[in-house]
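Read through the structure below, which is laid out as structure tokens, and then see the notes.
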Amino acid sequence: MSVAYPHQILVRARSYSEQLSQWGKVNIKQGAVIHNNYVIFDPLFADTFGANVLLKLTDKFVINEKAQRCIVTPFYVNGSSHVEVASATENFKINIKLDSPLYSLYYEICESDEVFYKFTFVPTAIPIEAQYLIDDPWGGEKNKALKLGFL
């Protein structure tokens, strides 16, 4: 069963793909669809359209103290000049110079006065295991591995 999931935020280093954008039951439960260069996350707050999305390139990740969910996953750029962040209705080119072929991509849902999202890119030579980094109110368990692909 595949689901075109209406509430999503994604980072991709390739053009849009209907096939890669499908959500299975496992994907919905874990809140993510993870492919090498195409990663989709459930924003979890249905009413956060227009929320700020912060992008950062750094050598070391530091979790935001306001993070309610934090996931890390490997993300391959492989020289793509077309890296973007998108929702189901909009897409924006990422204007950060991503020279490395591989990154650890950190996704945070943060809540302060308003909900905002953070994507942090950390260059790496070895792919990190996709996992939750904190226990969260939606069932994410710290250090629990996430499954890759459409499931």
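Could you tell me whether any residue of segment 113-128 is touching a Lys or Arg at 6+ places or on another chain (Cβ under 8 Å), touching a residue at least 40 places away in the same chain (Cβ under 8 Å), closer than 22 Å to residue 151 by Cα and not in a strand (DSSP E or B)? Within segment 113-128, none of the residues are touching a Lys or Arg at 6+ places or on another chain (Cβ under 8 Å), touching a residue at least 40 places away in the same chain (Cβ under 8 Å), closer than 22 Å to residue 151 by Cα and not in a strand (DSSP E or B).
Conditions (1) among the charged types (D, E, K, R); (2) surrounded by 16 or more Cβ atoms within 10 Å (Cβ to Cβ), marked per residue:
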residue: 59; (1), (2): yes, no
residue: 87; (1), (2): no, yes
residue: 91; (1), (2): no, no
residue: 109; (1), (2): no, yes
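Can you confirm whether residue 148 is at negative phi, part of a loop (DSSP other than H, G, I, E, B), within 15 Å of the chain's Cα centre (by Cα) and surrounded by 11 or more Cβ atoms within 10 Å (Cβ to Cβ)? So residue 148 fits the description; yes.
In segment 111-135, of all residues being in contact with a Cys (Cβ under 9 Å, 6 or more places away or on another chain) and modelled with pLDDT under 95, the one that is surrounded by the most Cβ atoms within 10 Å (Cβ to Cβ) corresponds to 117. For segment 32-47, check the following and say yes or no: at least one residue is out of contact with any Ser or Thr (no Cβ under 7 Å at 6 or more places or on another chain), closer than 25 Å to residue 147 by Cβ and among the hydroxyl-bearing types (Ser, Thr, Tyr). Checked segment 32-47: no residue is out of contact with any Ser or Thr (no Cβ under 7 Å at 6 or more places or on another chain), closer than 25 Å to residue 147 by Cβ and among the hydroxyl-bearing types (Ser, Thr, Tyr). If the condition is being part of a loop (DSSP other than H, G, I, E, B) and without any contact (Cβ under 8 Å) to a residue 60 or more places away in the chain, then segment 62-89 contributes 62, 64, 65, 66, 79, 81, 89. Look at segment 7-25: where a residue is farther than 15 Å from residue 92 by Cβ and in contact (Cβ under 8 Å) with a residue 40 or more places away in the chain and a partner is in a loop (DSSP other than H, G, I, E, B) and of a type in the set (A, V, I, L, M, F, W, C), sitting 6+ places away or on another chain with Cβ atoms under 6 Å, you get 7/46; 22/150; 24/150; 24/151.
Can you go through 90, 141, 108, 114 and tell me which one is under 13 Å from the mean Cα position of the chain (by Cα), of a type in the set (Asp, Glu) and at negative phi? Sole residue among the options that is under 13 Å from the mean Cα position of the chain (by Cα), of a type in the set (Asp, Glu) and at negative phi: 108.
For (1) β-branched (Val, Ile, Thr); (2) over 16 Å from residue 130 (Cα atoms), each residue gets a yes or a no:
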residue: 29; (1), (2): no, no
residue: 34; (1), (2): yes, no
residue: 40; (1), (2): yes, no
residue: 43; (1), (2): no, yes
residue: 55; (1), (2): no, yes
residue: 58; (1), (2): yes, yes
residue: 69; (1), (2): no, no
residue: 83; (1), (2): yes, yes
residue: 92; (1), (2): no, yes
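Take residue 81 and tell me if it is more than 16 Å from the chain's Cα centre (by Cα) and either at pLDDT below 95 or on the phi > 0 side of the Ramachandran plot (or both). Here the answer is yes, as residue 81 does meet what is asked.
Screening residue 66 with (1) more than 14 Å from the chain's Cα centre (by Cα); (2) modelled with pLDDT under 95 gives one miss only, at (2).
Based on this model, can you work out whether residue 95 counts as among the polar types (S, T, N, Q) and under 23 Å from residue 24 (Cα atoms)? Judged against the criteria, residue 95 is not a match.
The values are calculated or read from the model by the stated rules, or taken from the named source; none is laboratory data. Keep in mind that what you see is a predicted model, and the values were worked out from it rather than measured. Cβ sites come from the backbone with ideal geometry, for glycine too, and all protein chains shown count toward neighbours.
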